[in-house]
Amino acid sequence: MRPGRPNPRAPTAPTEPATTYEATPMTAPSSPRLKITYATLRNDNEELHRLFEAGIEKARAQLGKHYSNHINGQPQHGEGEFEDRSPIDDSLLLGHFAKGTRQDAKDAIAAARAAFPGWSGTPWQERVVLLRKAADLISERQMELGALMAMEVGKNRLEALGDVEETADLIRYYCDQFEAHDGFDHRMGNLGDDAVHTRSVLKPHGVWAVISPFNFPFALSGGPAGGALVAGNTVVFKPSSDAPLLGIKLYEILAEAGLPNGVFNYVAGPGETVGSELQENDDIDGIVFTGSFEVGFELYKSFARDYPRPVIVEMGGKNPTIVSRKADLEEAAEGVMRAAFGFGGQKCSANSRVYVERPVHDEFVKLLADKTRQIKLGDPLGRENWLGPIINRKAMARYENAVGEAKREGQVVVGGERVTDGELGKGHFVAPTVVTGLPPSHRLFRDELFVPFVAVAPVDSIDEAIELSNDSPYGLTAGFYSEDQEEVQRFLDRIEAGVVYVNRRAGATTGAWPGIQPFGGWKASGSTGKAGGGLYYVQQFLREQSQTVVD
Ligand code: NAD
């Protein structure tokens, strides 16, 4: 135990969690609200659940509609439609979405290009006003949007509400940055001749493509789009085909906030057509992609053609946690359980491998297994359920393959099966799984699985654990548990990851928040070394012009 710290709390059942509801003095649009972040541990607030129930009702009233793409502020129909069904229950049809084509993507790019002079010529202060309005609309509709997200991707209540509010806060943060830097227009020095005036001005590039993943369907759409837009770029946005509904909601809110036609265009459709057009079209000036390494790295390599253009790719992770023999094991087990299984391991920051010093390995595994058994799996719309389904059949197949390998080559300590009890048989529910007994070189310690599956291995030293942690192409997040300050410093000095946490009960590797924990990956996890929700992010949507004018 660290001196001066209270005793670890009694094990917190994930179903009756313990929270840090923080009031939101700076962001509340009209009345004081609760801010739900990913580090919010408890869900025992009656008011919150009353509001969420009302959000579910509003959300249900919107299901089953037909949605167009939106180009230059006008609906455009695409080539037929695709259905968006809930992973909770395959018979729950969320909506029919126009299937965008290459031509739709081309039209959207042309619309964005036409809108660029007007938008980039709008004073940045006016852009900030519109984007802050969008952020406030998002916060006002947090419950309804959270309910739709729970239905669309299977997040539990707090995770869904966190994703919605993070979107608003990312947009606000980029607006804050613009204000703090006076619109990124600064006077420079001279060499003694006062007749020479030089300014450094950051200017937008033009048209950006925003391509987003299914797992943070709002925050990783609205966040990057918000950065591009406040900087004066126009946007063509392609949501994940697993989450087009939250995408259209973002479009509707930006339109309602008053963005002019053509500034933000929405084209849903397959990566192979709409996505490919966005990466191949010469009229795209920059691209911001969040998703898998496989897609993101190809995009990164192919995007430069006649000359370099900015490309921000945020990709996968295989995030390690290290548990020292000097750790508070209960705290470590809680943090790992939350980070490995929160949203079914489908966060890029999910903890999927754990290296534990040998003397405490068995005790740690027992604590982790106990906490995992307490997880309440079920319909994530229900207040009592902490863990919902995984996104689709492909994810279930990945889970089943991993479990099969673990059973053959190691031990499955807990979990390891599909869950089909009662209504759960209608969705993609799998048991959170802890495995041991695999060599650290095993592919289950190397490949991103993106399912609720964590592998644990003993190590002989912290140095060995750090080496194993770094022996991965990925470098997104990492966690460490130790009461020894020297060990903590060694970890901080040597770990190769963009986001690191020490002794964090709320999540060993997960739960960043804009303006608090900048979020971005190293190595195969990200291309720029600049993190979302951080000090250097929004500048990536701008290019510097040095302007010297002599009297
Ligand atoms: P994905 O790569 O399958 O899809 C991401 C987006 O790319 C989707 O909109 C998809 O339609 C589109 N796409 C697919 N093929 C394309 C192509 N050829 N050209 C252009 N676009 C194409 O990823 P996913 O399954 O939606 O999301 C999960 C992945 O995202 C995981 O690997 C996760 O680690 C990663 N992720 C990373 C971060 C981060 O910040 N580093 C955050 C969230 C998710």
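Numerical summary
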item	result
Ordering of 201-214, 457-470, 43-56 by burial proxy (mean other Cβ atoms within 10 Å per residue, highest first)	201-214, 457-470, 43-56
Cα-only Debye scattering, segment 319-513: base-10 log of I(q)/I(0) at q = 0.09, 0.12 Å⁻¹	-0.29, -0.52
In Å², nearest 10: area of residue 133 left accessible to a 1.4 Å probe	100 Å²
Proximal charge balance of residue 442 [Cβ under 9 Å; K/R count +1, D/E count -1]	0
Those lysines that a straight Cα-Cα span of less than 24 Å connects to residue 155, excepting residues fewer than 8 apart in one chain	35, 58, 65, 238, 249, 318, 347, 371, 376, 394, 426
Helix 485-494 vs. the chain, principal-axis angle (Cα, 0 to 90°, nearest 10)	50 degrees
Degrees separating the helix 393-409 axis from the principal Cα axis of the chain, which is the longest one	30 degrees
Probe 1.4 Å, all protein chains present, accessible-area order of 398, 127, largest first	398, 127
Carbon plus sulfur fraction of accessible area for the chain, probe 1.4 Å, in percent	51 percent
Heavy-atom surface of the chain, accessible at 1.4 Å and reported per residue (Å²)	38 Å²
Estimated [θ] at 222 nm from DSSP helical runs (n ≥ 4, -39500 (n - 2.57)) normalised by residues in the chain, nearest 500	-11500 deg cm²/dmol
Largest-first ordering by accessible area, 1.4 Å probe, given options 487, 409	409, 487
Residues whose placed amide H lies under 5 Å from that of residue 484, excluding near-sequence neighbours	none
Helix axis angle, 244-257 relative to the chain longest principal axis, alpha carbon, degrees	40 degrees
Table column - 3J(HN,Hα) (Hz), segment 495-502, Karplus curve with 6.51, -1.76, 1.60, x for Gly and Pro	6, 9, 7, x, 9, 10, 9, 10
Local electrostatic count, residue 246, Cβ distance below 11 Å [Lys/Arg +1, Asp/Glu -1]	-3
Unit charges on C-beta of K, R, D, E only; dipole of the chain, Debye	380 debye
For the chain, with +1 on Lys and Arg beta carbons and -1 on Asp and Glu, the positive-most of 345, 474, 213 along the dipole	345
Exposure of residue 68 as accessible area (Å², to 10), given a probe of 1.4 Å and all protein chains	20 Å²
The chain - share of DSSP beta bridges that are antiparallel (%, nearest 5)	45 percent
Cα-based shape type of segment 389-429, given that a ≥ b ≥ c are square roots of the gyration tensor eigenvalues and the cut on a/c is 1.5	oblate
Magnitude of the charge dipole, segment 120-246, Cβ model with Lys/Arg +1 and Asp/Glu -1, debye to 20	280 debye
Over the chain - Rg/Rh using Cα atoms and the Kirkwood inverse-distance radius	0.98
For peptides 269-278, 412-421, 539-548, 221-230, sequence by mean Cβ density within 10 Å, most packed first	221-230, 269-278, 412-421, 539-548
Under 15 Å, Cβ to Cβ, from residue 72 - net charge with Lys/Arg +1 and Asp/Glu -1	-1
Ranking by accessible area, most exposed first, for 91, 349 with a 1.4 Å probe	91, 349
Dipole in debye (nearest 20) - segment 319-513, about Cα centre, beta carbon charges: Lys, Arg +1; Asp, Glu -1	840 debye
Relative contact order (%) - criterion: Cα under 8 Å, at least six apart; region: the chain	18 percent
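The values are calculated or read from the model by the stated rules, or taken from the named source; none is laboratory data. Note that this is a predicted model, so its numbers are computed, not measured. So basically every Cβ, Gly included, is an ideal-geometry build from the backbone, and we count neighbours across all protein chains shown. We work out accessible area using only protein heavy atoms, side chains counted, and drop any ligands, DNA or RNA first. Shrake-Rupley method; radii C 1.70, N 1.55, O 1.52, S 1.80 Å.
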